[in-house]
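In what follows, a single structure is set out as structure tokens and then discussed.
Nothing in this text is a laboratory measurement; each read-out follows from the coordinates by a stated rule. Treat the numbers as computed from the prediction; the structure is a model and nothing was measured. Here the Cβ is made from the backbone with ideal geometry for all residues, glycine too, and neighbour counts use every protein chain on show.
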Amino acid sequence: MNKVHFIGIGGTGISAIARLLLERGVQVSGTDLQPSPYFEAVTRLGAFTRLGHHPDLALEADIVVRSSAVKDDDPEVQAANNAAIPVLKRSEFLPQLTAGSKTLAIAGSHGKTTTTAMLVHLLRSANLDPSFILGADIKGLHTNAHSGKDQFFAIEADEYDYMFLGLNPTVSMVTNIEYDHPDFFPTPQDYTNAFVDFLGKTEENGVILLCGDDSGIQKMLKNNDFPGKQVCKYGFEQGNDFQIVEHETSHGIQLFSIKLPEGEKVGPFTLHQPGTFNVSNAAAALAVAHLVGIDLGELTGAFSTFESTSRRFELVCGNEKIEVFNDYGHHPSQLLQTIKGARQSYPAYKIWAVWEPHTISRTKRLQHEFATALDQADHAVILKLFGAREDDPSYSPCSIADEVSHNKCLYLPENEKAIVHILENLGEKDLVIVFSAGKGPEFSHELCSALHLEASID
């Protein structure tokens, strides 16, 4: 494998693979239909990139890797097929990428990006140099991928398009199972079955680590077992092999300890990220580290320097009266838990939930759940829907605003009007969370500009 061509190289997952191969000395080319920060990043690192369709680049490669959004009739796919050049999806390419590594795969409906980043942080704090791929840049490292020198490969295992079925992990971890991606998984059972298949691909005598507190995982375990694998659970509840104990919050900082399967208690650990869900994520990362032989007693101070990842409750701008955050939340449970975590850390602030709906199928299928989540904020604004891979000009999420109580939610698809509404209704202390898996950062920067505040991130 001397040269790999990527179709859709500007996407988060595809660009991460490209970046890792560049570090390994592989020649990389790639195309995308529009520029993006990840497209520009891999270009700076040495990938030969072009915007638009360029079948000639595919014909120069040994292997072509395409994103999930690329269809069979794509000109580059057709050119490679006609020339008998292998065209692979991410799931089909992952075995080559992870060969020879001890793969630590982090899956789940929510929290997998943060948990993967936490695991990478712990491994590096233990003076290891793991390879890794995840769905957002790790702050401080300024990258979402790296080819390390040690045997461990920490990877965010995405269920969409069955990406995670290309892995044979040493440790397979699932944070939670809650129905998502209705455009790909027709029913909740189809969705759960994908996770069962993923866990079944854990290598013989490998370890399966599950959040024992999660109802979706509890339901899955009633109907499935995994012979030949060690199954462990983590969480707050008694009966978990790795139990979170002595959890408390003080001045926005969370403290907790972990009771290990051997009975020993380790901690306290200090976490600056808000929300009990982040304590659960941290416990998951600690459990994986323990399972691969790392002494957690040496890592009690590790999370005090963890800065999280981009677009996960990420401060954009602020002063003594208002703070504006970006968050990648695009599922009702993510919105709900982040709002709760924000209230915990900012009890004196009014919470604004500014939500950009992501994909029509998800928004339609879960509209009542979205309304319930938005109802937990003091004010809510629904922005123009980001269709991503879907298109239906006739659909509008305006009915969701009507379901939110006390007329505190408005559907304002024009950014200018949404910003004016926020500015006209600010109180003494306001915290604005822009939830988006699409163009939300553009909105948050426009809002900061209107507030005459300098954004702290690009």
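Tabulated results
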{"item": "Per-bin percent of Cα-Cα distances, region 268-321 [10 Å]", "result": "20, 47, 23, 7, 2"}
{"item": "For region 314-450: relative contact order, % (alpha-carbon pairs under 8 angstrom, 6 or more apart)", "result": "37"}
{"item": "Taking only Cα atoms of the chain, radius of gyration then Dmax in Å", "result": "21.9, 65"}
{"item": "As computed over region 90-186, the Cα convex hull volume per residue (Å³)", "result": "96"}
{"item": "Cβ charges +1 (Lys, Arg) and -1 (Asp, Glu), total dipole of the chain, debye", "result": "460"}
{"item": "Computed over region 215-256, Kirkwood Rh from alpha-carbon pairs, angstrom", "result": "12.6"}
{"item": "Sparse-neighbourhood loop sites, trypsin sites (Lys or Arg not before Pro) in region 273-341 - DSSP loop, at most 16 other Cβ within 10 angstrom", "result": "321"}
{"item": "Convex hull volume per residue for region 8-91, taking Cα atoms only, in Å³", "result": "83"}
{"item": "Potential extension, residue 45-residue 99 segment - 0.36 nm per residue separation minus Cα distance", "result": "17.1 nm"}
{"item": "Bridge type composition, region 153-257 - antiparallel percent by DSSP, nearest 5", "result": "25"}
{"item": "Computed over region 348-458, the ratio Rg/Rh where both radii use C-alpha atoms and Rh is Kirkwood", "result": "0.96"}
{"item": "Diffusion coefficient, µm² s⁻¹, Stokes-Einstein with Kirkwood Rh over alpha-carbon pairs of region 121-280 at 25 °C and 0.890 mPa s", "result": "141"}
{"item": "Neighbour-count ranking [beta-carbon atoms within 10 angstrom, fewest first] of 339, 422, 253", "result": "253, 422, 339"}
{"item": "Given the chain, longest segment not containing exposed loop GluC sites (Glu not before Pro) (DSSP; at most 11 other Cβ within 10 Å)", "result": "1-203"}
{"item": "For region 94-305: relative contact order, % (alpha-carbon pairs under 8 angstrom, 6 or more apart)", "result": "20"}
{"item": "Relative contact order for region 44-100, counting Cα pairs under 8 Å that sit 6 or more residues apart, in percent", "result": "36"}
{"item": "Two-decimal ratio, region 166-232, of alpha-carbon radius of gyration to 2.2 N^0.38 Å", "result": "1.08"}
{"item": "Helix-only mean residue ellipticity at 222 nm for the chain, each DSSP H run of n ≥ 4 adding -39500 (n - 2.57), per residue, nearest 500", "result": "-9500 deg cm²/dmol"}
{"item": "Cα point-scatterer Debye curve for region 44-139, base-10 log of I(q)/I(0) at q = 0.18, 0.21 Å⁻¹", "result": "-0.99, -1.11"}
{"item": "Distance between modelled label sites at residue 246 and residue 150, nm, 7 Å Cα→Cβ extension", "result": "2.6"}
{"item": "Residues of region 234-257 with amide N under 20 Å of a point placed 7 Å along Cα→Cβ from residue 348", "result": "249-254"}
{"item": "Fewest-first ranking of 185, 256, using other Cβ atoms within 10 Å as the exposure measure", "result": "185, 256"}
{"item": "Under 12 Å from the residue 442 label point (7 Å along Cα→beta-carbon), backbone N, region 321-362", "result": "none"}
{"item": "Antiparallel %, DSSP beta bridges [both residues in region 76-221], to 5", "result": "15"}
{"item": "Residues 351, 14, sorted so that the one with the fewest Cβ neighbours within 10 Å comes first", "result": "351, 14"}
